[in-house]
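Data block below; observations after.
The values are calculated or read from the model by the stated rules, or taken from the named source; none is laboratory data. Since the model is a prediction, treat every value here as computed from it, not as a measurement. With ideal geometry, Cβ positions are generated from the backbone for all residues, glycine too; neighbour counts draw on all protein chains shown. To get the accessible areas, we keep the full protein, side chains included, count just its heavy atoms, and leave off ligands, DNA and RNA. Shrake-Rupley method; radii C 1.70, N 1.55, O 1.52, S 1.80 Å.
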Amino acid sequence: MGVPALLLVLVVAFPISLIFVQGILSEEGTLTLGFLQRIFEVRSNYMSLMNTLTISLLTVFFTVLIGCPLAWLVTRTDMPLKGFFKTLFIIPYMIPPFIGAIAWGFLLSPRTGFINKWFMGLFDSTIPLFNLYSYWGVVLVMSLYFYPYVFITVAGALERMDPSLEEAARSSGSGRFRVARDITLPLVAPSITAGALLVFIAACSNFGIPALIGTEGRIYVLTTRIFYYIYSGGFEGLQMASSLSIFLVITSALALLANRWYLRKKQFTIIAGKSMRPNVVLLGKYRTPFFIGCCLFIIATMVAPLLCIVLISLLKAYGVAIEWKNFTLANYKFILFEYELTRASIWNSIKLSLTAATVLTVVGSLIAYIIVRTKLTGRRILEFLSTLPYSIPGTVLAIGMILAFSGKFGINLYNTIWILLIAYTARYMAFAVKSVGASLEQVHMSLEEAARISGAGWTKTFRDIVVPLVRPGLIAAWFLGFMPMLRELTVSVLLFGPETRTIGVAVYEFQDAGYYDSAAALATCVLIVIFAGNFLMKRITGGAFGF
Amino acid sequence: MATVRLIGIRKEFGDVVAVDQFTVDIADGEFVSFLGPSGCGKTTTLRMIAGFDMPTSGDIFIGDALMSSVERNIFAAPEERNIGMVFQNYAVWPHMTVFDNIAYPLKIKKEKRNIRQNKVEQSLSLVGLEGFGERYPHQLSGGQQQRVALARALIMNPEVMLLDEPLSNLDAKLREEMRFEIKDLQKKTEVTIIYVTHDQAEAMVMSDRIVVMNAGYIQQVDSQRRYMRILPISL
């Protein structure tokens, strides 16, 4: 208990509480409410707060609008290939949002985006069809990358709902639509809310999309504003960043609390014990139109942007005509073999992810064991601390790391790889604790007790009995940490130093500086690794994890 | 109250024949059990009567009305059949109070509020749940939920009641009790009941006639008394 607890206090509780301390302390060390002043008196800060809230709410609105009908189509109708579509609709969940932002930039940037160029050529106009670098551009891309949260939770509820609840209503005399309104919708409502709150939190905390799309159009949100202040440097910048972080934490914490409150109020279960086939609606003459609609949706929101990235990565220069003679592998050769900076970032990311994934699997299993298996007092606090870094926005975690480990308290890790290692491990600890914990709960206590009776000590029992039995959970924990770390941006972009660039940072810098072809090539590599890794994870865990 | 006639019902799921050559005449106010092991097609037959599954061939009459006929391209939706149904897992709506659950069929029929109030009060006392109206299902025991389901099925004065293994989730003592209560309810309401079960004793105690099913076919249709005499056939 002692070691993991101490570790969590040092790398989680201490840095995060520093943010609040920084917010309410003045330079001389007296108590102030300066953080409020700094938000509400600086107009651009206040605007960023309002933008965060309104953009997130609009994103919630659109993701519900997209996610619910799609969930209904794949779970409750006889649409062709619905199992296949179910997998496809989850794909945006796997793609890093900042890569999605880059892809949509290639399609809809006001002057050079493919769709806008085509539109302006067609109508001989100078006004683009849609300017991505705007408020609505951020909302659009966020909606397209965050709707899977709603889709997954709602599809799950629709699948598990006991069909006799709806049949009972039919027998009572309601028609199909009345049943949907009186029974199905109220029963799915908690899942819609849960999905919507996940979207809200994801949208508030996201950095990649507003950084690559919003900044271009001078639309700032809290995360990008914090980034701006850290870049402007100094005590002043750090203080501003911490003050904004407080608001970012409060926003997402309120959403989490709202979710808890709502779920407590709706204390009922719609999950039936046995497996069952849900009521299937025969689409009849609408079967083909719905099918075509889904195909078009996939093509427009996934195939086109991803293809666009791959295409641009293969062109000699950004903007040249798409002809055979302009295709080349030079961009890949450049980023993988020639340019020292990208080679170093790839190497850094691999080193970091391998180490951090291993550390978090080991520490995470210990914590999971303490939480699930022991009755030690304080294990709830341990659980809270281990999941906290993932519940708060990555930007906030990074600010906490800067405050704690940049020399003020004797440890200076700023600009070193160690601060990234700590941040990565803390950030994804929740995955390990959750997945190992879930596996542990499946293993009956008596199996361990049998080992103890047979003469094995605690360590031997842990090694010989527990570890082999929770192996799928351990493997999943490692992958669930490793995969997102490999392309992490939000935390890295605030913590990297001249010698410690990561892949995510490199892609971001290329795109930001206008080296679109190199950005596209590196992003393509990331996508390939993500899809391959996911496939591998699914194989190794026998389909229990991965998509 | 009405008769139920099934004529030559057949149901296929893909390549599997779930029910075949199912013909039975059920009299007005009769209590008939479909008895057989799981997977014998009894629940499928019940769901076809309710209108949740469409027969591959054959006709279903309730009273004089033809509810389902593939040959004549007739298929009445479940909500048009005026059938009460009680499900194995009760299917009491968790987001509504006991009162709202039972009142739902009346709400659909647009009954006036005070009539609804009276009828629900009546049926609550009929099933022995006076004073439980404002509770939510998760505050009730399994047996109480089952009574809510019964009350909800009875409140619209259905012509036929379908019960799909309604007692299988209850403990033994409660099951005994509920057998008599259901029988008692039928006497009071004179509704025609089709009762699906795999429990021989249950079928014998409650039914006027028993339809013994196996592998999708009717093996025997007999009065409860005669069924007892020929009993030693295996089930």
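Just a few scattered comments:
- In plain terms, the C-alpha convex hull of the range B:69-145 casts an average shadow of 6.6 nm² when viewed from every direction.
- In chain B, the DSSP-assigned H stretches of four residues or longer account for a calculated mean residue ellipticity at 222 nm of -10000 deg cm²/dmol, using -39500 (n - 2.57) per stretch and the full residue count as denominator.
- Links that overshoot a 26 Å alpha carbon limit, given the list A:Lys117/A:Lys316; B:Lys109/B:Lys188; A:Lys434/A:Lys538; A:Lys86/A:Lys285; A:Lys86/B:Lys42: A:Lys86/B:Lys42
- Taking all protein chains into account, the per residue accessible area for chain A stands at 45 Å² (1.4 Å probe).
- Accessible area (Å², 1.4 Å probe, nearest 10) - B:His198: 110 Å²
- Accessible area that becomes buried as B packs against A, both chains, 1.4 Å probe, Å², nearest 100: 2100 Å²
- If only the Cβ of Lys and Arg carry +1 and only the Cβ of Asp and Glu carry -1, the dipole of chain A around its Cα centre is close to 1440 debye.
- Test item: B:87-93 mean partner chain Cβ contacts at 10 Å: 6
- Relative to the current alpha-carbon distance between B:Asn169 and B:Ala201, full extension at 0.36 nm per residue lengthens the span by 9.9 nm.
- Selection from A:Ser171, A:Pro148, A:Phe119, by position along the positive dipole direction of the range A:119-256 (Cβ): A:Ser171
- Across chain A, the convex hull enclosing all Cα atoms gives 184 Å³ per residue.
- Amide H within-cut-off set for A:Leu413, under 5 Å, with H built and near neighbours excluded: A:Ser406, A:Gly407
- With 0.36 nm allotted per residue and the present C-alpha distance subtracted, the A:Ala13-A:Leu536 stretch has 184.8 nm of extension available.
- Note on the range A:300-420: the C-alpha convex hull projects to 12.6 nm² when averaged across all orientations.
- Remark: spin-label model distance B:Ser57-A:Arg111 equals 7.4 nm, labels positioned 7 Å along the Cα→Cβ axis.
- Scalar couplings 3J(HN,Hα) for the range A:241-257, obtained by applying the Karplus form with A = 6.51, B = -1.76, C = 1.60 to θ = phi - 60°, are 4, 5, 4, 5, 4, 4, 5, 5, 5, 4, 4, 6, 5, 4, 4, 4, 5 Hz; x denotes Gly and Pro.
- Neighbourhood net charge (15 Å Cβ-Cβ; Lys/Arg +1, Asp/Glu -1) for B:Lys112: +4
- Efficiency of FRET between B:Ser141 and B:Phe180 - r from beta-carbon atoms, R0 25 angstrom, step 0.05: 0.90
- Label point 7 Å beyond Cα of A:Trp458 along Cβ direction - residues of the range A:335-366 with amide nitrogen under 15 Å: A:366
- Converting phi to 3J(HN,Hα) with the Karplus coefficients 6.51, -1.76 and 1.60 and the offset θ = phi - 60°, the range A:106-120 yields 4, 8, 10, 5, x, 9, 10, x, 3, 5, 5, 4, 4, 5, 5 Hz in sequence order, with x at every glycine or proline.
- Seen from A:Ser174, the other residues with C-beta closer than 13 Å to its C-beta sum to a net charge of +4, counting Lys and Arg as +1 and Asp and Glu as -1.
- Peptide A:175-182 is shielded by partner chain Cβ atoms: per residue, an average of 3 of them sit within 10 Å of its Cβ.
- Projected label distance in nm at B:Gln21 and B:Glu71, using a 7 Å step from Cα toward the beta-carbon: 1.7 nm
- Taking Lys and Arg as +1 and Asp and Glu as -1, the other residues whose beta-carbon sits under 14 Å from that of B:Phe22 total 0.
- ³J(HN,Hα) computed for each position of the range A:438-451 - Karplus, 6.51 cos²θ - 1.76 cosθ + 1.60, integer Hz, glycine/proline x: 4, 5, 4, 5, 6, 8, 5, 3, 4, 5, 6, 4, 4, 5
- Across q = 0.19, 0.27 Å⁻¹, the range A:414-495 modelled as identical point scatterers on its alpha-carbon atoms has Debye log10 I(q)/I(0) values of -0.82, -1.19, in the order of the q list.
- Applying the criteria of a DSSP loop state and at most 13 other Cβ atoms within 10 Å to the GluC sites (Glu not before Pro) of the range A:459-542 yields A:Glu499.
- Between B:Glu190 and A:Phe119, the modelled label-to-label distance comes to 7.2 nm, taking each label 7 Å out from Cα in the direction of the beta carbon.
- Between B:Asp222 and B:Ile210, B:Val212, the built amide H atoms are under 5 Å apart, and every one of these is 5 or more places off in sequence or on another chain.
- Projection of the Cα convex hull of chain B, averaged over all directions and equal to a quarter of that hull's surface, yields 13.1 nm².
- Cα-based Kirkwood hydrodynamic radius, the range A:1-155, one decimal, Å: 19.7 Å
- Alpha carbon convex hull of the range A:84-189, volume per residue in cubic angstrom: 155 Å³
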